[in-house]
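The values are calculated or read from the model by the stated rules, or taken from the named source; none is laboratory data. All values reported here derive from a predicted model rather than from experimental measurement. Cβ: placed from backbone, ideal geometry, glycine included. Neighbour counts: every protein chain shown. Please note that ligands, DNA and RNA were not included when accessible areas were found on the heavy atoms of the full protein model with its side chains. Shrake-Rupley method; radii C 1.70, N 1.55, O 1.52, S 1.80 Å.
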Amino acid sequence: MPALASHRKPRTRVRTSSPAVGLTTAALASVTLLSTQSATAAPAEPKPSIEEVQKKVDDLYRQAGTATQQYNKAKAASTQQRSKVDALLEAAAKRADKLNETRRELGNYAAAQYRSGAIAPTATFFLADDPQSYFDQDQLMARMTSQQQKAVADFRTQQSEAATKRVEATKSLQTLTESQTTLRTSKQRVQTKLAEARTLLSELTAEEKARLAELERKKEAEARRKAEELARQQAAAAKAEADRAAAEEASKGEAGTGTGTGSDSSYASKADKVLAFARDQIGKPYVWGATGPSSYDCSGLTQAAWKAAGVDLPRTTWDQVEVGTRVATADLKPGDLVFFYDDISHVGIYKGDGMMIHAPKPGANVREESIYYMPIYGSVRPA
């Protein structure tokens with residue numbers, strides 16, 4: 001049966017879009033893409049304020065000071081270990097010489113035995129020219145045997161001692177290598193912190209540098225004000241002590257005998273030498289790791305100043321703070337050492353009236369400054 005033809009009208013295709021609509025869609029897609037990119041992009045960091053820059057730079061200098069003390073400690077340890085290694089190597093060489101000398105002596109004994117052929121005593125007696133010569137020779141051989149025994153014992157002792165010295169020298173060389181590694185690491189850390197500080201300062205405009213200088217002046221003025229207040233307090237305390245001593249002497253009828261102790265006068269004499277030396281260094285540059293005579297870091301200056309008074313101080317602030325007697329800030333005397341920051345990374349020499357002489361930081365010279373310019377950790381009287 002033939003298929004019936006459809007009487008439905010063919011469907012007309014309707015265009016659902018136009019060039020204008022397509023262009024609008026593409027534009028919307030572009031805007032959406034740009035919006036997405038803008039949303040995901042990290043926002044630009046705001047420029048730090050001058051106060052923040054000042055705090056950051058001060059902190060970097062403090063960190064550099066800490067790294068400088070680590071460098072000084074590693075350098076001192078390296079120098080000390082190098083001396084120890086040299087002494088051990090010299091001792092090992094001497095042991096080796098003695099060992100070789102004893103070895104040669106044993107060789108001579110062995111050669112003598114070989115030449116003698118180890119003849120039996122009876123045969124030697126009959127072959128001797130006369131009995132007396134035999135007994136003389138026999139006594140000599142007995143003594144030689146005793147010397148040989150001693151030589152063997154000495155050889156064994158020297159061999160053991162030489163081996164011990166070689167082991168000690170090897171361990172010391174390993175320690176020296178570790179100290180030198182720490183030395184290099186500390187040096188790199190100092191240089192990194194100082195480079196960061198220089199970069200921060202170099203990015204400031206002229207106006208910003210002027211504002212930073214003004215902040216520094218305010219900080220110094222506040223530190224001086226506190227120093228003057230301490231000076232007034234110390235002067236009042238000294239006067240009160242003098243009045244008390246005078247009243248005590250008057251009540252005893254011993255006026256004019258004096259109340260000063262020998263230890264006080266001895267310390268004052270040393271302190272005068274310390275401060276005289278420190279004043280002579282004013283104007284010389286701070287250089288990290290330096291101990292003079294043309295430049296200093298903070299602990300290098302204090303060490304050199306007290307050495308001028310005949311007192312040997314350790315190299316680092318961390319060791320210097322352990323020397324002598326702790327004193328309160330109110331009881332400071334000229335010559336005392338004042339330490340700063342919680343990590344004890346800076347030190348200065350108290351000169352009186354709330355002021356000190358110190359080597360401040362890279363880019364600055366040895367100078368007088370208020371002890372309140374930095375946060376005080378504590379103080380010691382070295383001698």
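The single condition from (1) in contact with a Cys (Cβ under 9 Å, 6 or more places away or on another chain); (2) at pLDDT below 75 that Gln69 fails is (2). Scanning region 312-362 for residues that are part of a loop (DSSP other than H, G, I, E, B), on the phi < 0 side of the Ramachandran plot and of a type in the set (Val, Ile, Thr) yields Thr316, Val321, Val323. When you scan region 71-78, do you find a residue that is free of Cβ contacts under 8 Å to residues at least 24 places away in the same chain and farther than 30 Å from Leu204 by Cα, even just one? No, region 71-78 has no match at all. Is it true that Leu301 is modelled with pLDDT of 95 or more, within 17 Å of the chain's Cα centre (by Cα) and of a type outside the set (S, T, N, Q)? Here the answer is yes, as Leu301 does meet what is asked.
Is it true that Gln233 is surrounded by fewer than 15 Cβ atoms within 10 Å (Cβ to Cβ) and either of a type in the set (Phe, Trp, Tyr) or touching a helix residue (DSSP H, G or I) at 6+ places or on another chain (Cβ under 7 Å) (or both)?
Yes, satisfied.
Out of the residues in region 61-87 that are open to solvent by 70 Å² or more (accessible area, probe 1.4 Å) and in contact with a Ser or Thr (Cβ under 8 Å, 6 or more places away or on another chain), state the one that is nearest to Val321 (Cα to Cα). By that ranking, first place goes to Lys73.
Within region 252-267, is there a residue that is surrounded by 17 or more Cβ atoms within 10 Å (Cβ to Cβ) and over 30 Å from Gln54 (Cα atoms)? Looking through region 252-267, at least one residue is surrounded by 17 or more Cβ atoms within 10 Å (Cβ to Cβ) and over 30 Å from Gln54 (Cα atoms). Inspect all residues belonging to region 273-284 and state whether any of them is outside any strand (DSSP E or B), surrounded by fewer than 16 Cβ atoms within 10 Å (Cβ to Cβ), in contact with a strand residue (DSSP E or B) (Cβ under 7 Å, 6 or more places away or on another chain) and of a type in the set (Gly, Ala, Ser). So far as region 273-284 goes, yes, one or more of its residues are outside any strand (DSSP E or B), surrounded by fewer than 16 Cβ atoms within 10 Å (Cβ to Cβ), in contact with a strand residue (DSSP E or B) (Cβ under 7 Å, 6 or more places away or on another chain) and of a type in the set (Gly, Ala, Ser). Here Tyr377 meets each of (1) within 16 Å of the chain's Cα centre (by Cα); (2) at pLDDT 95 or above; (3) open to solvent by 50 Å² or more (accessible area, probe 1.4 Å); (4) among the aromatic types (Phe, Trp, Tyr) with one exception, condition (1).
Just one of the listed residues (Leu194, Leu201) is modelled with pLDDT of 80 or more and over 30 Å from Gln81 (Cβ atoms), namely Leu201.
In region 156-197, of all residues being over 20 Å from the mean Cα position of the chain (by Cα) and without any contact (Cβ under 8 Å) to a residue 12 or more places away in the chain, the one that is most open to solvent (accessible area, probe 1.4 Å) corresponds to Arg156. Taken over region 345-359, residues that are open to solvent by 20 Å² or more (accessible area, probe 1.4 Å) and touching a strand residue (DSSP E or B) at 6+ places or on another chain (Cβ under 8 Å) amount to 2. Applying a threshold of 8 Å to beta carbon distances and a minimum spacing of six or more residues, or different chains, the list of pairs starting in region 198-213 at a residue that is among the hydrophobic types (A, V, I, L, M, F, W, C) and ending at one that is part of a helix (DSSP H, G or I) and open to solvent by 80 Å² or more (accessible area, probe 1.4 Å) reads Leu200/Lys56; Leu201/Lys209.
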